[in-house]
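To keep things clear, I will list the structure first and then write my remarks on it.
The values are calculated or read from the model by the stated rules, or taken from the named source; none is laboratory data. As the structure is a prediction and not an experimental result, all values here were calculated from the model. Positions of Cβ are generated from backbone atoms using ideal geometry, with glycine treated the same way; all protein chains shown enter the neighbour counts.
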Amino acid sequence: MNVETEVRDIVFEALANLNDELPAGEKVDISYDTLLFGGESTIDSLSLVSVIVDVETALSTKFDRAVALTDDRAMSREPSPFTSARTLSDYVVELLGE
């Protein structure tokens with residue numbers, strides 16, 4: 001399995017964990033196009049933090065290295081790595097490649 005696929009699976013698993021906590025009518029779609037942040041996102045800020053923590057924890061376990069997703073670089077980046085599941089996955093792959 002390649003890094004991109006492993007990262008996608010980690011992000012999707014974090015979204016699945018979020019869905020486990022949400023009521024039936026508030027569950028989010030799990031795809032690369034799932035919006036994580038912004039006006040059209042159905043995920044609130046606390047839920048986004050939960051997804052980010054889940055992703056960071058899984059990355060640490062899977063790749064045996066700490067990856068901080070909420071540093072100054074991520075916060076000032078355009079587009080934001082937290083716009084969608086795709087932008088988050090792409091950003092994680094970029095960080096792992098460094």
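General observations
- In the stretch 68-98, the residues that are in a helix (DSSP H, G or I) and either hydrophobic (A, V, I, L, M, F, W, C) or at positive phi (or both): ALA74, MET75, ALA85, LEU88, VAL92, VAL93, LEU95, LEU96
- Any hit, the stretch 56-67, residues being assigned to a helix (DSSP H, G or I), buried (at least 16 other Cβ atoms within 10 Å of the Cβ) and aliphatic (A, V, I, L, M): yes
- Scanning the stretch 21-55 for residues that are surrounded by 11 or more Cβ atoms within 10 Å (Cβ to Cβ) and of a type in the set (Gly, Ala, Ser) gives SER31, GLY38, SER41, SER47, SER50.
- The stretch 68-96, residues that are over 12 Å from the mean Cα position of the chain (by Cα), among the small types (Gly, Ala, Ser) and surrounded by 14 or more Cβ atoms within 10 Å (Cβ to Cβ): ALA74
- Counted residues, the stretch 11-27 - those being among the small types (Gly, Ala, Ser), farther than 17 Å from PRO81 by Cβ and modelled with pLDDT of 95 or more: 1
- Tally, over the stretch 28-45, of residues that are out of contact with any Leu (no Cβ under 7 Å at 6 or more places or on another chain) and either of a type in the set (Val, Ile, Thr) or at pLDDT below 95 (or both): 7
- Filtering the stretch 41-55 to residues that are farther than 19 Å from ARG8 by Cβ and either in a helix (DSSP H, G or I) or touching a residue at least 24 places away in the same chain (Cβ under 8 Å) (or both) leaves SER45, LEU46, SER47, VAL49.
- Some residue of the stretch 31-39 being out of contact with any strand residue (DSSP E or B) (no Cβ under 7 Å at 6 or more places or on another chain) and in a helix (DSSP H, G or I): no
- Members of the stretch 57-96 found to be free of Cβ contacts under 8 Å to residues at least 40 places away in the same chain and small (Gly, Ala, Ser), listed by number: SER60, ALA66, ALA68, ALA74, SER76
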